[in-house]
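Undergrad: What follows is a structure written as structure tokens; I'll ask about it next.
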Amino acid sequence: MKSYRKELWFETKNRREFINITPQVEECLRESQIKEGLVLCNAMHITASVFINDDESGLHHDFEVFLEKLAPEKPHSQYKHNVFEDNADAHLKRTIMGREVVVAVTDGKLDLGPWEQIFYGEFDGKRPKRVLVKIIGE
Ligand code: ZN
């Protein structure tokens, strides 16, 4: 069995951002030369997510509104976590959007559904953060 590991780095301009990382994950898969197997892709930070959904700007706006309703950023004082930090909302948003995705690899390609794309979801950005790509198979 072959195994491949790579870290992708991101530093967003905004506190919250969604980045389509499907092309980078596809590049990792090409580098791995694995034709049949699994890709695991996870955020390595507890205030960021990796998730799969549609690359549609209206939906991304809807996610922002939805997450702000569930875990509004402000006022920062509403959260017990925000004693030395101001990112409690980001921890909660990350938990809602999930830590990782697993995608099947078939015939050397990501075996995604018709509109599925892989996103990095940043909820406490403006600093360098990592995503792990681990691919196993043959
Ligand atoms: Zn924190």
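Undergrad: Can you tell me which condition Asp89 does not meet? The list is (1) touching a Pro at 6+ places or on another chain (Cβ under 8 Å); (2) exposed (fewer than 15 other Cβ atoms within 10 Å of the Cβ), and all the others hold.
TA: Of everything listed in (1) touching a Pro at 6+ places or on another chain (Cβ under 8 Å); (2) exposed (fewer than 15 other Cβ atoms within 10 Å of the Cβ), Asp89 misses just condition (2).
Undergrad: One residue is enough: does segment 26-42 have a residue meeting the conditions within 19 Å of the chain's Cα centre (by Cα), crowded, with 16+ Cβ neighbours inside 10 Å and within 13 Å of Tyr120 (Cα to Cα)?
TA: Checked against the condition, which is being within 19 Å of the chain's Cα centre (by Cα), crowded, with 16+ Cβ neighbours inside 10 Å and within 13 Å of Tyr120 (Cα to Cα), segment 26-42 yields at least one hit.
Undergrad: State yes or no: is Phe51 more than 16 Å from the ligand (Cβ to nearest atom) and either closer than 15 Å to Leu110 by Cα or crowded, with 16+ Cβ neighbours inside 10 Å (or both)?
TA: yes
Undergrad: Are there any pairs, at least 6 apart or on different chains, whose C-beta atoms fall under 9 Å, with the first in segment 119-138 and at pLDDT below 95 and the second away from the ligand (no atom under 16 Å from the Cβ), and if so, which?
TA: From residues that are at pLDDT below 95, there are no pairs.
Undergrad: Please count how many residues of segment 34-64 are touching a Lys or Arg at 6+ places or on another chain (Cβ under 7 Å) and in a loop (DSSP other than H, G, I, E, B).
TA: Residues flagged as touching a Lys or Arg at 6+ places or on another chain (Cβ under 7 Å) and in a loop (DSSP other than H, G, I, E, B) within segment 34-64 amount to 5.
Undergrad: Here is a further query. Can you tell me how many residues within segment 55-111 are β-branched (Val, Ile, Thr) and closer than 21 Å to Met44 by Cα?
TA: Going through segment 55-111 one residue at a time, the tally reaches 5.
Undergrad: Of the residues Tyr120, Tyr79, which is over 18 Å from the mean Cα position of the chain (by Cα) and surrounded by 14 or more Cβ atoms within 10 Å (Cβ to Cβ)?
TA: Checking each option against the conditions leaves just Tyr79.
Undergrad: What number of residues within segment 1-21 are within 27 Å of Asn87 (Cβ to Cβ), not in a loop (DSSP other than H, G, I, E, B) and not hydrophobic (A, V, I, L, M, F, W, C)?
TA: 4
Undergrad: Among the candidates Asp86, Asp62, single out the residue that is free of Cβ contacts under 8 Å to residues at least 24 places away in the same chain and within 16 Å of the ligand (Cβ to nearest atom).
TA: Matching residue, one of Asp86, Asp62: Asp86.
The values are calculated or read from the model by the stated rules, or taken from the named source; none is laboratory data. Source: prediction; values computed, not measured. Backbone-built Cβ (ideal geometry, glycine too); neighbour counts: all protein chains shown.
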